[in-house]
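Okay, structure first, notes after.
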């Protein structure tokens, strides 16, 4: 099992060092992209919370008018 | 947050991840890009640098559409949309300028210390970004929100009209190192067809990312506007 893992790590190593180490750049770019994605999601959640609090504030200010 | 937005967001993120993977694909049978002298691996910058400008142009168009809408309807939300689209456009423009500068430094100006050489394409793009920066200067000079919305909408439409001239027409009339200029073949003639497989999806993906950032900012600005309106109402009520 451990030898298998070492072999897998070794093959990753060859892929990363092949082609003028281009895959290292891909790894870096993907890490940045995942970070940006997480940031986008976090910002969306924050805006969601803000919007819902604004909504409750609005409904407290102007309670819905009874149409009858 | 509507379910539709979540789906689109996920789609854009997955799409962009695939584009990034494709942009670096190498050594396989498919998507091998030709290795040219001077360009070498930097040819891959085509997938990142050029979509910045496409995204900027898409956002300026969006901004101008909402500026027209703002003049027609006087709707403050159109003003917000127009402003935010211009803001994200400026950000993508600055990214386009910096990435272009870095790319040029290591290819055209290899072995020199030049980062910025006032190449016509470069200069015109910088002027374009400055024209949109002036939009924000104009906005900050006007206090009355309705007046600000109308005057800046008019300026915005003029700014948009300059986009095709500054980014397409003028650089093509002048001698420039940038592809698509006088004495230089354009994209269609010098780009290997295989690069289009990644290039066009990259353009779409970056426009998608621009749209995500735009949508977030619009929602934020709308929430701020509602809060300001509530504050003003309270202020009026305490006065009377």
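Scan region A:27-38 and tell me whether some residue there is without any contact (Cβ under 8 Å) to a residue 12 or more places away in the chain, in a helix (DSSP H, G or I) and over 20 Å from residue B:15 (Cα atoms).
Within region A:27-38, none of the residues are without any contact (Cβ under 8 Å) to a residue 12 or more places away in the chain, in a helix (DSSP H, G or I) and over 20 Å from residue B:15 (Cα atoms).
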Worksheet item: Which numbered condition trips up residue B:112, out of (1) over 16 Å from the mean Cα position of the chain (by Cα); (2) more than 30 Å from residue B:72 (Cα to Cα); (3) part of a helix (DSSP H, G or I)?
Response: (3)
Discussion item. Checking the conditions here, which among B:41, B:49 is touching a helix residue (DSSP H, G or I) at 6+ places or on another chain (Cβ under 7 Å), without any contact (Cβ under 8 Å) to a residue 60 or more places away in the chain and farther than 18 Å from residue B:167 by Cα?
Written reply: B:41
Worksheet item: Do any helices (runs of 4 or more DSSP H) entirely within region B:131-232 hold 2 or more residues that are over 30 Å from residue B:14 (Cα atoms) and modelled with pLDDT under 80, and if so, which?
Response: B:170-173
Response to the item:
Those residues of region A:27-36 that are within 9 Å of another protein chain (Cβ to nearest Cβ) and farther than 11 Å from residue B:20 by Cα come to a total of 2
Discussion item. Among the listed residues B:141, B:159, identify the single one that is closer than 20 Å to residue B:63 by Cα and in contact with a helix residue (DSSP H, G or I) (Cβ under 6 Å, 6 or more places away or on another chain).
Written reply: B:159
Response to the item:
Just one listed residue, out of B:88, B:84, B:65, B:80, is part of a helix (DSSP H, G or I), at pLDDT 95 or above and surrounded by fewer than 18 Cβ atoms within 10 Å (Cβ to Cβ), and it is B:65
Worksheet item: Residues of region A:37-59 being exposed (fewer than 14 other Cβ atoms within 10 Å of the Cβ) and either over 30 Å from residue B:230 (Cβ atoms) or away from chain B (no Cβ under 11 Å) (or both), which ones?
Response: A:38, A:56, A:59
Practice prompt. Say whether the condition of being within 23 Å of residue A:41 (Cα to Cα), touching a helix residue (DSSP H, G or I) at 6+ places or on another chain (Cβ under 6 Å), surrounded by 21 or more Cβ atoms within 10 Å (Cβ to Cβ) and at pLDDT 90 or above is met by at least one residue in region B:68-76.
Written response: no
Worksheet item: How many residues are in contact with a helix residue (DSSP H, G or I) (Cβ under 7 Å, 6 or more places away or on another chain) and more than 9 Å from every other protein chain (Cβ to nearest Cβ) if we restrict to region A:16-26?
Response: 2
Item to complete: Scan region B:219-232 residue by residue and report those that are more than 10 Å from chain A (Cβ to nearest Cβ) and within 24 Å of the chain's Cα centre (by Cα).
Response: B:221
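The values are calculated or read from the model by the stated rules, or taken from the named source; none is laboratory data. Quantities reported herein were computed from a predicted structural model and do not represent experimental measurements. For neighbour counting, all protein chains shown are included, and Cβ atoms are generated from backbone atoms with ideal geometry for every residue, glycine included.
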